[in-house]
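Visitor: Mind having a look at this structure? Questions to follow.
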Amino acid sequence: MQRIKRNDTVKVISGKDAGKEGRVVRVYPTADKVMVEGINRVTKHERVKTSRRGAQEGGISHVEAPLHVSNVMPVCPECGKPTRVGSKIVDSKKTRYCRRCDSEF
Ligand SMILES: [Zn+2]
């Protein structure tokens, strides 16, 4: 059961982006990591090279790095607060629910 899914809004609870919220753009289930829009941006330095057509490639770019799922909390769409997620079985399907307001999402 994944605690966090793509397109969830999550709140960062630790690290340099603690307190920020963002949308999950990618989930890495095997590594327990998530990529969150605008969160955990790192500066990447690449050697500048010139392609055959003369265009410059490389230099400094900002990319998002994955965060561990334990560093984020899903934000409940119903009550709008970061919450712990429970799971229960409804109609023989597993669903996630908010432990604050009991709404499923
Ligand atoms: Zn809720």
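Visitor: Which pairs turn up if I take residues in segment 70-82 that are closer than 12 Å to residue 5 by Cα and look for partners that are within 8 Å of the ligand (Cβ to nearest atom) and part of a loop (DSSP other than H, G, I, E, B) with beta carbon separation below 8 Å, at least 6 apart in sequence or on another chain?
Guide: 73/83; 74/83; 75/81; 75/83
Visitor: Within segment 1-21, how many residues are assigned to a strand (DSSP E or B) and surrounded by fewer than 10 Cβ atoms within 10 Å (Cβ to Cβ)?
Guide: Count: 0.
Visitor: Limited to segment 70-84, what total is found for residues that are open to solvent by 10 Å² or more (accessible area, probe 1.4 Å) and more than 8 Å from the ligand (Cβ to nearest atom)?
Guide: 6
Visitor: Further question on the same structure: For residues that are within 25 Å of residue 13 (Cα to Cα) and open to solvent by 70 Å² or more (accessible area, probe 1.4 Å), scanning just segment 41-67, find the one that is nearest to the chain's Cα centre (by Cα).
Guide: 41
The values are calculated or read from the model by the stated rules, or taken from the named source; none is laboratory data. Since we're looking at a predicted model, the values are computed, not measured. Using ideal geometry, Cβ is built from the backbone for each residue, glycine included, and neighbour counts are taken over all protein chains shown. What goes into the accessible areas is simple: the full protein's heavy atoms, side chains included, and nothing from ligands, DNA or RNA. Shrake-Rupley method; radii C 1.70, N 1.55, O 1.52, S 1.80 Å.
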